Amino acid sequence: MSIGNSTPHDSARGHVTGESVFVDDRARLEGELYVLPVGVPSSAGRLIAVDAEPALSCAGVLGFCTAQDLKHNRWGSIVEDQPILVEDRIGYHQEPAVLLIGSDPEALARAAALVKFKIEPGSPVLTIAQARQKQDFLYTANPFICGDVAKSLAQAPHRLAGQFGCGAQDHFYLESQATVAYPLEGGCMEIHTSSQHPAETQRVVAEALGLSHHQVVCVVKRMGGAFGGKESQAAPFAAMAAIVARKFGRPARLILTKDDDMKMTGKRHPFQNDYEVGFDEDGRILGLKAQLFADGGAYLDLSPSILDRALFHLDGAYFLENVHLEGFVCRTNNPSNTAFRGFGGPQGTMTIESIIEDIAAYLGKDPLDVRQLNCYGIEERNRTHYGQIVTNNSLPQLFRLIEEKAAYRQRRKKIADGLSESAGKLRGLSVTATKFGIAFTSRFLNQGNALVNIQLDGTVQVSTGATEMGQGVNTKIQQIVAHAFGLSPEQVKVMATSTEKNANVSPTAASSGSDINGAAALNACEKIRQRLCWLYQNLLAGVPINDNHECPSFDDKALRRADFDFQGNHIVHLPSQKAMNWGELVRLAYRQRIGLSDYAHFKTEGLSFDKTKSKGKAFAYYTTGVAATEVEVDEWTGQVKVVRADILMDLGRSINPGIDMGQVTGAFIQGMGWVTTEAVKTDSQGRLLTHSPVTYKIPNVQDVPREFNVELIANDSNTQNIARSKAVGEPPLLLGISVWTAIKDALNQKLKNGPVQLASPATPEAVLECLSGGLSDRA
């Protein structure tokens, strides 16, 4: 039985031995060119002229391309508002404007300094506050309105108003943006790229070159990490490589350095959220009014959908009866911010978790008690502010379990009594939750397709639109297909993703890669299984197969699905208990001219959200979890240590517990980095200062919780998804917020003067600022 086992990641051995091939590992071909994008040295204004001729004086530099070489110089996932190469208005510092081409990447790096730009300078807008002052918005969301917020706030016994800010985060994937473009006969182009969305990359490349989509094939073998940063923003870099390959008629390789990648690409959206909340003496929230302002950067990218998801997730795990939420995407002169693991959900959830911490501090109550009081219920208090019922809700159980398993009450008392502290060290303890909606909020994206080919030796090849970025989607699809045919996972191979085999696919994003593509693969298997069962049934009955026979559908009276099982490399006819070897069955089917390949499509059913009303069923289901985190804060340096973290996740019936555990732990650490150390800094002119591991601090092994307990609870009741599993990619990241709320808890206990105003990330500087009486809200 393949499903439910911790089958090793299909690339694990290759990663360890170095055999795994990433884009830049592809063998160089004779005459292959290197491509280096050169960005404008200004954050705003107009590009009057660019002179790249001086760069040609460097040995190894063969030419250059500008916007004039493109047939179509606009791209965008929602609105095509962003240039591939700047030709007039400058959006942000280091926005690509010219491509240097040569035979030596080091020569290109030296030559970049020789490119001259003539610029009409402008005044950059670099912060949300500046954009708000100008009222310059790229997008305004439809408000989310539920109940009577004005009345509930007016009648509330207690009210708080404030502003919560959270910062950007760099994706910091190990493999930077990377593409190799191969010109083919007939003017066609083959693109090998590190992209989460091959179909969009195919489209952007085709349009940039003036080709039809069928003239471009995009192939993704694997990515060295992505986290959302390659959902949309891989496409323009692929187009840059392709235009060079087209112009010179030679393969072209574009591999960004880490510094250039960080300077030229977008980040997680910073948010600045204003709120007013009303609550009773127990801390029950009676009404919430909020305005969310996201830094979209210079262009739209995916910002509308990210802001919408922040609005969807502003409730967190908590029932909000009276709500009025508004959202705005601010235009700034920063690189276009983009998808990042959580896709707006963390920014929304962190706001409500901060509010709950403030309510507890204001009332002098334990924050966990306030959370449990406001938690979504099972039979009542179970409808979201957009009208969807929270079904299969394990949140109340998770809160009870974490309280017990983490020994929360005992540890809370120990901290309150000062027994956990040493000189100059403060302790904080906090529990937060995740309730993450699983589906693309753009309904049309909730579809996928798959091709399954059974070879004559009984082994299977599977092609889907899913892209592997280390998260294990290929391994889960491998297990699903192996289970369907009763094979071992080693007998199934998931092939590289290619737009010629799987067209019009959605990005591998929204935590739905395994859900959608696994279901499509299973549908294809089901078609083949049906024909094989019909063949075996006729064989047992002694009925010859001829060209006039048509295979009936499963559950027709003539062919019952329940009569057959595939297990242990055999097909089993359950009523007779007779079995046939899988290999023999495959060869017999071939000789009988029965198809051993099939294609299938899948779409997520039951989604019915009306964006004009901000009401309806936006998600197929929710993945939920809780975390209890204890921190130690050095009040002299502001340094934070995570002493202990306990996580409980409801992932339904896990397809691969080993991979899921890796996703949970990794997501938590990445979320922890976002709220503690990963501060993105620019200077007054918009130049990125934190563009390398030297200046940008992601968590390292020393930052991992000293005691780290993770458990997947048993839950077989999620009938909304394949194999009763639940998505895992993004939801656990939101549990990293518990590190930040634990820091806030420590500061609240130390200062004891009402709710502490702490922005995210809670860097040592921000912590010291709070302890010294200043406000750390720098968003």
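The values are calculated or read from the model by the stated rules, or taken from the named source; none is laboratory data. Please read all numbers here as calculations on a predicted model, not as lab measurements. For neighbour counting, all protein chains shown are included, and Cβ atoms are generated from backbone atoms with ideal geometry for every residue, glycine included. Surface accessibility is based on the protein's heavy atoms, side chains included, excluding ligands, DNA and RNA. Shrake-Rupley method; radii C 1.70, N 1.55, O 1.52, S 1.80 Å.
Things worth noting here:
- Global geometry of the stretch 447-603, whether rounded, prolate or oblate, following the gyration tensor of its Cα atoms and the 1.5 cut on a/c: prolate
- Centre separation in Å (Cα based) which lies between the stretch 38-66 and the stretch 421-486: 42 Å
- As a rough guide to protection, the peptides 510-523, 104-117 ranked by mean Cβ packing within 10 Å, highest first, stand as 510-523, 104-117.
- Per-residue packing, averaged as other Cβ atoms within 10 Å, sorts the ranges 28-34, 653-659 into the order 653-659, 28-34, beginning with the highest.
- For the peptides 286-292, 695-701, the ranking by packing is 286-292, 695-701, with the highest mean count of neighbouring Cβ atoms within 10 Å listed first.
- Net charge of Cβ neighbours under 12 Å - reference Glu207; Lys, Arg +1; Asp, Glu -1: +1
- Inter-centroid distance (Cα atoms) of the stretch 524-584 relative to the stretch 234-281, Å: 50 Å
- Within a straight-line Cα-Cα reach of under 15 Å, Lys603 can be paired with the following aspartates and glutamates, leaving aside sequence neighbours fewer than 8 residues apart in one chain: Asp515.
- Whole-percent carbon and sulfur share, accessible surface of the chain, 1.4 Å: 50 percent
- Across Lys221/Lys726; Lys493/Lys527; Lys476/Lys697; Lys134/Lys435; Lys151/Lys613; Lys611/Lys681, pairs whose alpha-carbon gap is larger than 28 Å: Lys476/Lys697; Lys134/Lys435; Lys611/Lys681
- Probe 1.4 Å - accessible area at Ser20, Å² to nearest ten: 10 Å²
- Straight-distance crosslink candidates among lysines, where the alpha carbon sits under 25 Å from Lys414 and sequence neighbours closer than 8 are dropped: Lys365, Lys405, Lys425, Lys641, Lys744, Lys750, Lys752
- Reach of Lys263 by Cα under 14 Å, taken over aspartates and glutamates that are not fewer than 8 positions away in the same chain: Glu95, Asp170, Asp683
- Accessible surface of Lys527 - all protein chains present, 1.4 Å probe, nearest 10 Å²: 90 Å²
- Net +/- balance of residues flanking Asp295 in space, Cβ distance below 11 Å, scoring K and R +1, D and E -1: +4
- A simple count of charges around Val219, restricted to other residues whose Cβ falls under 10 Å of its Cβ and scoring Lys, Arg +1 and Asp, Glu -1, yields 0.
- Distance between the stretch 317-338 and the stretch 114-172 - C-alpha centres, whole angstrom: 7 Å
- For the chain, share of DSSP beta bridges that run antiparallel, in % to the nearest 5: 80 percent
- Listed candidates [x] 27.5, 88; [y] 48.2, 168; [z] 32.7, 112 - label of the one calculated as Rg and Dmax of the Cα atoms in Å: [x]
- Shape analysis of the stretch 2-67 places it in the oblate category; the axes a ≥ b ≥ c from the Cα gyration tensor give an a/c of at least 1.5, with a/b not above b/c.
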